1. Cross-link partners among lysines for A:Lys27, C-alpha distance below 18 Å, same-chain residues fewer than 8 apart left out?
2. Mind listing the long-range amide H neighbours of B:Asp230? Cut-off is under 5 Å, sequence gap 5 or more, other chains count too, H placed in the peptide plane at 1.01 Å from N.
3. Apply the Debye scattering formula to segment B:71-217, with a single equal point scatterer on each alpha-carbon and no solvent, then give log10 I(q)/I(0) at q = 0.09, 0.12, 0.13, 0.19 Å⁻¹.
4. Relative contact order (percent) for segment B:3-323, with alpha-carbon contacts under 8 angstrom and 6 or more residues of separation?
5. Tell me, rounded to the nearest percent, the portion of alpha carbon pairs in segment B:42-118 spaced more than 17 Å apart.
6. For segment B:199-296, take the convex hull of the Cα atoms, compute a quarter of its surface area, and give me that in nm², please.
7. If you take the C-alpha gyration tensor of segment B:37-86, multiply each eigenvalue by 5 and take the square root, what semi-axes do you get, largest first, in whole Å?
8. For B:Ser129, B:Ser98, B:Ser57, which order do you get if you count the other beta carbons within 10 Å of each Cβ and list the fewest first?
Amino acid sequence: MLELPQSVTFRVRRSIVGTIIESKIVKALLVESAAVGATYSDDSYSDHTVHSDGPGWSDNWNDGNTHNDTWGDNSEE
Amino acid sequence: MDEPTLREVVNKCLAVAPNVRFIWHGGEPMIPGVGYYENILSICEEFRRSNQKISHSIQTNGTLINQSWIQFLSKNKFGVGVSIDGPAHIHNFARIDSAGQGTFERVMRGINLLRENELKFGTVAVVNSYSVNYPDEIFDFFYNEGISFNANPCTANPYDDEEMKTLAINPFDYTKFIVHLANRWLETDNPHFRVGPIDDIIKGVMGHQPRLCRFRGQCFLYVTIDSNGDVYPCDAFLNKDYLFGNLWSSEMTEIQAIQQSGYYSGRAEVEEACRVCEWYQVCKSGCMRTWEGNKNIENPNGMDFCEARKLLFSQIHARIAPIGNVQS
């Protein structure tokens with residue numbers, strides 16, 4: 001599981017009526033994207049594309065060289 | 001897929017790409033047994049090039065998972081996806097065995113084996129014309145079980161059989177369903193529980209790159225290979241109208257050329273029309289299986305799948321709308 005940096009704050013609109021809070025979910029998703037350099041223009045990100053009809057993660061290479069990807073990991077961390 | 005075809009497929013796939021992912025689908029891909037996949041791994045090692053990465057995933061109904069499978073999947077780092085649509089009455093609506101019996105209990109037994117053995121797995125819940133009416137029950141089931149899930153729409157093409165068409169949902173119903181799930185998920189504020197494709201949509205509307213192919217416009221990264229070696233664009237298009245060729249008579253490079261010049265070139269035209277859309281970066285014109293079976297679309301603007309997708313992105317965006325930049 002990626003460690004969330006304490007110095008980063010994401011403020012989101014919690015509901016359409018405007019209550020503003022932090023969202024752990026959004027924060028985690030953005031940290032996850034940043035960890036793999038997932039910008040719109042980054043073509044190399046193709047290596048992280050996953051198919052919609054598969055398990056949902058892309059890095060289970062069986063060469064012993066993986067990074068920690070938590071999508072689909074149902075364990076509590 | 002018989003042994004000679006397996007060898008041909010593996011050889012030709014590994015010959016053209018630096019890294020290759022195999023996603024084994026069925027029917028039920030666990031029916032051939034562990035030994036079948038041990039043989040596949042041996043064939044892969046035979047044809048693997050220097051420094052080439054190969055990964056395997058299996059998309060299963062989970063009913064045949066036992067300790068032998070657990071050991072094999074774990075040892076060989078197979079990705080596991082289990083198809084489960086929700087609690088019993090929802091799952092059993094469309095997922096029955098050859099005797100007409102629901103499979104929910106057997107699927108859960110398989111999932112529990114995966115969990116007991118701490119195997120990482122993902123789940124796909126297909127949203128059909130019945131389950132689309134139960135977003136709360138589906139969310140509560142998965143959340144209470146601690147099972148992250150990916151809610152995929154059941155779609156049908158004109159050539160599909162009547163049963164499939166009966167199960168299919170329209171894109172607006174899917175949007176309504178996903179937005180409801182998004183609200184439920186965000187209310188939990190639990191980042192350890194994931195609901196796809198909402199996680200990808202949130203990334204997209206906040207300016208980051210989604211991961212699923214259907215939000216990336218990257219059909220070209222995948223092909224589906226049938227048991228006889230026929231190659232199609234995707235598992236949604238196992239139809240002769242979309243056949244690229246057969247690996248017994250064609251090289252993969254020839255298949256790729258057809259893919260790029262034929263099927264995918266049509267996609268490029270659509271993407272060009274879509275570039276003016278405010279949601280283009282998160283949509284990338286979507287998945288071709290939702291294009292109502294039409295591979296001759298030039299501009300999807302105004303079509304149901306397009307309008308429903310715009311509504312989906314705008315509603316998720318309204319829910320997640322950032323009011324400030326990342327502060328460091």
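1. B:Lys203
2. B:Leu247
3. These q points yield log10 I(q)/I(0) values of -0.30, -0.55, -0.64, -1.29.
4. Rounded, it is 14 percent for segment B:3-323.
5. Beyond 17 Å sits 53 percent of the P(r) for segment B:42-118.
6. For segment B:199-296, the mean projected area of the Cα convex hull comes to 6.7 nm².
7. Semi-axis lengths for segment B:37-86 are 25, 12, 8 Å.
8. In increasing order of surrounding Cβ atoms, one gets B:Ser98, B:Ser129, B:Ser57.
Each value in this text was obtained by applying a stated rule to the coordinates, not by laboratory testing. On a predicted model such as this, the values are computed, not experimentally measured, just so you know. Positions of Cβ are backbone-derived with ideal geometry, glycine not excepted, and every protein chain shown enters the neighbour counts.
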